[in-house]
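Okay, structure first, notes after.
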Amino acid sequence: QVQLVESGGGLVQAGGSLRLSCAASGSIFSIHAMGWYRQAPGKQRELVAASTGGGGTNYADSVKGRFTISRDNAKNTVYLQMNSLKPEDTAVYYCNARGVVTTTLHAGDYWGQGTQVTVSS
């Protein structure tokens, strides 16, 4: 089975920085894309940033220039460096892995359990 474990959330003042990490474990052969989504209270889950297998990245307009996604394929780990944080960035952040192929040739998408990010004004 595949598991995604996130870390790095917490409470930070506006203008501060946090770095989220997400490590995928299990019998993984390959992962096509890894990314981060977030969900604020009363709102739908939205894409924050994603890193595709070809090395491409995409970001929500609201975080461009402030957040940077990076990926260590050897460790099946994805990071999200968040700078210049704003109160509106407050949400539960979820790690996502798409197109995961296991060593038994099972394919699927997976989610982490979520990590809370709170930005105080």
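Residues of segment 48-61 that are modelled with pLDDT of 95 or more and either open to solvent by less than 60 Å² (accessible area, probe 1.4 Å) or touching a Ser or Thr at 6+ places or on another chain (Cβ under 7 Å) (or both): Val48, Ala49, Ala50, Ser51, Thr57, Tyr59, Ala60. Checked against (1) free of Cβ contacts under 8 Å to residues at least 24 places away in the same chain; (2) open to solvent by 50 Å² or more (accessible area, probe 1.4 Å), Arg66 meets all criteria but (2). Look at segment 72-88: where a residue is within 19 Å of Cys22 (Cα to Cα) and a partner is among the polar types (S, T, N, Q), sitting 6+ places away or on another chain with Cβ atoms under 7 Å, you get Thr77/Ser21; Val78/Ser51; Tyr79/Ser21; Tyr79/Ser70; Gln81/Thr68; Met82/Ser17; Asn83/Ser17. Scan segment 78-88 and tell me whether some residue there is under 14 Å from the mean Cα position of the chain (by Cα), of a type in the set (S, T, N, Q) and open to solvent by 70 Å² or more (accessible area, probe 1.4 Å). For segment 78-88, residues under 14 Å from the mean Cα position of the chain (by Cα), of a type in the set (S, T, N, Q) and open to solvent by 70 Å² or more (accessible area, probe 1.4 Å): absent.
Looking at this structure, is Gln1 under 18 Å from Val101 (Cβ atoms), open to solvent by 70 Å² or more (accessible area, probe 1.4 Å) and not aromatic (Phe, Trp, Tyr)? In short, yes. Contact map, segment 1-24: residues that are more than 12 Å from Tyr79 (Cβ to Cβ) paired with residues that are surrounded by 13 or more Cβ atoms within 10 Å (Cβ to Cβ) and of a type in the set (D, E, K, R), Cβ distance under 8 Å, separation 6+ or inter-chain. Pairs shown: Ala14/Lys86.
Considering segment 98-115, the residues that are farther than 15 Å from Arg45 by Cβ and among the small types (Gly, Ala, Ser) include one that is most open to solvent (accessible area, probe 1.4 Å), namely Ala107.
Yes or no, residue by residue, for (1) within 29 Å of Thr102 (Cβ to Cβ); (2) not hydrophobic (A, V, I, L, M, F, W, C):
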| position | (1), (2) |
| --- | --- |
| Glu6 | yes, yes |
| Leu20 | yes, no |
| Ala33 | yes, no |
| Ala40 | no, no |
| Asp61 | no, yes |
| Lys64 | no, yes |
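How about segment 13-30: which of its residues are over 29 Å from His106 (Cβ atoms), under 18 Å from the mean Cα position of the chain (by Cα) and outside any loop (DSSP other than H, G, I, E, B)? Leu18, Arg19, listed by residue number.
The values are calculated or read from the model by the stated rules, or taken from the named source; none is laboratory data. The structure displayed is predicted, hence computed values, not measured ones. Counting neighbours? That spans all protein chains shown, and the Cβs are built from the backbone with ideal geometry, glycine included. Quick note on the areas: whole protein, heavy atoms, side chains included, nothing else; ligands and nucleic acids left out. Shrake-Rupley method; radii C 1.70, N 1.55, O 1.52, S 1.80 Å.
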